[in-house]
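Some notes on the structure that comes next.
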Amino acid sequence: MPRRSPKTSATLHGLDVSPPDDEGRIYFVKAERLVRTALSEGPDGRMYAGGFLNGGFAALDPRSGELAEFHTFSQSEKMTTHRGKLYIGAYGGTSIYSGQSATPPTQPEAKLFAWSVRHDRLLWEIVPVPGKPAIPALTFDPSGRLWGIAGGTVFSVDTHRRKVTGTVKLSDSKSSTGQLVFNPKDHRLYGAHAGQQVFSMRLPGGRHTVLREGPVHQLAVHGSGDVYFAEGPKLFRLKAR
């Protein structure tokens, strides 16, 4: 059952992009217990957020302002949606750390969760890569296969059979950082490995290529197929082929 907790506090703002001057209008949405490190819109129209240090995630209905919190599992790191069926809220990688280096781990290893937004309940959970501390990135390919990164390993999951279908080892790293996105223009995965390099990966075989060495903090794919990533204050663009 959803419940509230006074320990998860943050602020959410929205951007109204409808004004004709195209400048948009930033407006205040909610000032309690919502955004931490993960934010996404669910298929039910609610905004889902996670990353709370005391675990769980929250769902906000932007129309009514109603907020629900769920503490079924520990701290979530990433959320994604697929075909309006599940949300994590549906697929969330949890970290074994609760936020501070001095805080004891809340779970022995990172887990992947499937969540029903229709019934607000946990459907299943698995450990995709044993011994890894976090699953900081998740993405779907057009076939409906879920991909994620945990430490130095990229993995794929068949969500219908609820099992890992493949892994690609990049290194022995147990880093809790990483990025992974699918590029529909060239049908490749692009990722940031342990905050140290940008790579691309062919599907379905998993052959990967290091594109750039260096500290990587964020990575995104534009609708044009161009890939953007940040190194500190610098923004780089990898043009689509």
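For the reader, a short list of remarks on this structure follows.
- Tally, over the stretch 224-238, of residues that are out of contact with any strand residue (DSSP E or B) (no Cβ under 6 Å at 6 or more places or on another chain), on the phi < 0 side of the Ramachandran plot and assigned to a loop (DSSP other than H, G, I, E, B): 2
- So Val181, is it under 19 Å from Gly225 (Cα atoms) and either in a strand (DSSP E or B) or at pLDDT 90 or above (or both): yes
- Considering (1) assigned to a loop (DSSP other than H, G, I, E, B); (2) crowded, with 17+ Cβ neighbours inside 10 Å; (3) more than 16 Å from the chain's Cα centre (by Cα), the lone condition that Gly195 does not fulfil carries the number (3).
- Residues that are small (Gly, Ala, Ser), assigned to a loop (DSSP other than H, G, I, E, B) and modelled with pLDDT of 80 or more, drawn from the stretch 43-64: Gly45, Ser64
- Filtered by the rule that a residue be under 15 Å from Gln196 (Cβ atoms) and not charged (D, E, K, R), the stretch 140-178 gives Ile149, Gly151, Gly152, Thr153, Val154, Leu170, Ser171, Ser173, Ser175, Ser176, Thr177, Gly178.
- Any chance Leu211 is under 24 Å from Lys239 (Cβ atoms), part of a strand (DSSP E or B) and among the hydrophobic types (A, V, I, L, M, F, W, C): yes
- Number of the condition not met by Val198 [criteria: (1) among the β-branched types (Val, Ile, Thr); (2) at pLDDT 90 or above; (3) closer than 24 Å to Lys111 by Cα]: (3)
- Residue list for the stretch 153-178, filter: more than 15 Å from the chain's Cα centre (by Cα), crowded, with 19+ Cβ neighbours inside 10 Å and under 14 Å from Tyr190 (Cα atoms): Thr153, Leu170
- Residue that is surrounded by the fewest Cβ atoms within 10 Å (Cβ to Cβ), among those in the stretch 117-152 that are acidic (Asp, Glu) and assigned to a loop (DSSP other than H, G, I, E, B): Asp120
- Among the residues making up the stretch 198-241, those that are of a type in the set (A, V, I, L, M, F, W, C) and either closer than 16 Å to Leu170 by Cα or exposed (fewer than 15 other Cβ atoms within 10 Å of the Cβ) (or both) are Val198, Phe199, Met201, Leu203, Val210, Leu211, Val216, Ala220, Leu235, Ala240.
The values are calculated or read from the model by the stated rules, or taken from the named source; none is laboratory data. This is a predicted model, so every value here is computed, not measured. Positions of Cβ are generated from backbone atoms using ideal geometry, with glycine treated the same way; all protein chains shown enter the neighbour counts.
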